[in-house]
Amino acid sequence: MCRMILAHGQFDAAKVLDAARAMSCGETANHEGPIKAHPNGWGCLWWDRGRIRTLHGTGTFSDALPGIDSDAMQNSPMLAVHVRHATLSKNQGMEFSHPLWRASGDTHWYMMHNGFLPTVYAQLGMTASRFDSAEYLEYLVDQVTPADFTRDYLRNKMARVAPGGSAANAIFVTHKKAWAWQWHPDDTPYPDYFTLHRYQRNNATFISSEPITALGSASDWCRMHNHELHEISLEE
C-alpha cells in the first residue's frame, strides 16, 4: 500500500515533495486504514527539458528528502512522487520502488500504484505472482495506445481480474499525457484510505492520496469518484 501525489501546472516543487514526506510519515493520515507510515522506498518523476526523469530510493522518504534537489524539478510542468509501504516484505528494494517503467510499441509508460492486486498475474498466463504492481502495469499497457487508454478501457480490464485485490489506484505518465486512475472494490472496508483527492486552482492541479492542507485548505480538496479517470495533457 502506498501514498502518491501528482502536481501539474505552476507549483512549488519543494512543497509537493514535503507533501509526500508528510504522507510517508503518517502526518496527514486522516483515514480509517490501518497503515499510516510508508517507509519502504520512494520515487519521483518529472520533466527536464522535454525528457522524463526519475529518481528512486529504498529507505524512508523523510531521510532522503534533504538530499533531493527540488530546484531541478521546479521548472517541470509535472511532478509525481510515490512513497511505499510494502504489502509483502519480500518485495523490497530498488527494483520494487515506483515509478515502474514499461515499453509498449513506441510508447514508454511510467506508473505509480497504490494498492495490492495479487490475482492480476493470471491475466498474463503466469502460474504465480512475483510483483503485483509490475504485473498490473504489463496487463494494462501492453498492446494499448495512449489514445485508447480510457475510462471504459480500464473498467473493462479491471472487470476481468479475479477478486482479492485492495485497489488499483495509479498515476500513469507518457511523454504526452498523464492520468490519475481511481479504482477499488465497492465493498472495500477502507474507502477513505483508497480514495484519491483532487485540488484545482487557476494555474495548477494536484491529485493526492490524502488532502494536503499545506497546498490547499481541506474544503478545497474534492474526492475522486470510484472508477474515475483524470487525464492531463503535457503538450500544452
Inset, instruction - Note down the nm distance, to one decimal, between modelled labels 7 Å out along Cα→Cβ at ALA214 and at LYS90. - result: 3.7 nm
Legend entry - Per-residue ³J(HN,Hα) for segment 3-16, Karplus 6.51 cos²θ - 1.76 cosθ + 1.60, θ = phi - 60°, Hz, x for Gly and Pro: 10, 8, 8, 10, 10, 9, x, 9, 8, 8, 4, 4, 6, 5
Inset, instruction - Take ARG49, ARG223 and sort them by solvent-accessible surface of the protein heavy atoms, 1.4 Å probe, largest at the top. - result: ARG49, ARG223
Inset, instruction - For the chain, report the accessible area per residue in Å² (1.4 Å probe, heavy atoms, rounded to an integer). - result: 45 Å²
Inset, instruction - Please report, in debye to the nearest 20, how large the charge dipole of segment 52-201 is about its Cα centre when each Lys and Arg carries +1 at its beta carbon and each Asp and Glu carries -1 there. - result: 220 debye
Legend entry - Label-point gap, in nm, between ASP187 and HIS31 - each point 7 angstrom along Cα→Cβ: 2.1 nm
Inset, instruction - Run the accessible area of segment 113-166 with a 1.4 Å probe and give the carbon-and-sulfur part as a rounded percent. - result: 48 percent
Inset, instruction - Could you tell me the distance between the Cα centroids of segment 22-64 and segment 208-224, to the nearest Å? - result: 17 Å
Legend entry - Selected from GLN182, SER209, PRO39, residue furthest toward positive end of dipole (the chain; charges at beta carbon): PRO39
Legend entry - Note, ³J(HN,Hα) from phi for segment 51-59, Karplus 6.51, -1.76, 1.60, rounded to Hz, x at Gly and Pro: 10, 7, 10, 10, 9, 10, x, 10, x
Inset, instruction - Once you've got the Cα coordinates, tell me which of LYS36/LYS177; LYS90/LYS157; LYS36/LYS176; LYS90/LYS176 are over 29 Å apart. - result: LYS36/LYS177; LYS36/LYS176; LYS90/LYS176
Inset, instruction - Counting helices only, and only those DSSP H runs with n ≥ 4, report the 222 nm mean residue ellipticity of the chain as the sum of -39,500 (n - 2.57) divided by its residues, in deg cm²/dmol to the nearest 500. - result: -4500 deg cm²/dmol
Inset, instruction - Might you work out the accessible area of LEU55 for me, using a 1.4 Å probe with all protein chains in place, and round it to the nearest 10 Å²? - result: 60 Å²
Legend entry - Rounded FRET efficiency, nearest 0.05, which uses the C-beta distance separating ASP48 from SER233 and R0 of 25 Å: 0.85
Inset, instruction - Would you mind getting me the FRET efficiency between ARG201 and HIS225? Use the beta-carbon distance for r and R0 = 30 Å, nearest 0.05. - result: 0.90
Inset, instruction - Quickly rank 70-78, 39-47 as a protection proxy: mean count of other C-beta atoms within 10 Å, highest first. - result: 39-47, 70-78
Inset, instruction - Name the residues whose placed amide hydrogens come within less than 5 Å of the amide hydrogen of HIS227, ignoring near sequence neighbours (fewer than 5 apart) on the same chain. - result: GLN182, TRP183, HIS184
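The values are calculated or read from the model by the stated rules, or taken from the named source; none is laboratory data. Everything numeric in this text was worked out from a predicted model, so none of it was measured. Cβ sites come from the backbone with ideal geometry, for glycine too, and all protein chains shown count toward neighbours. We work out accessible area using only protein heavy atoms, side chains counted, and drop any ligands, DNA or RNA first. Shrake-Rupley method; radii C 1.70, N 1.55, O 1.52, S 1.80 Å.
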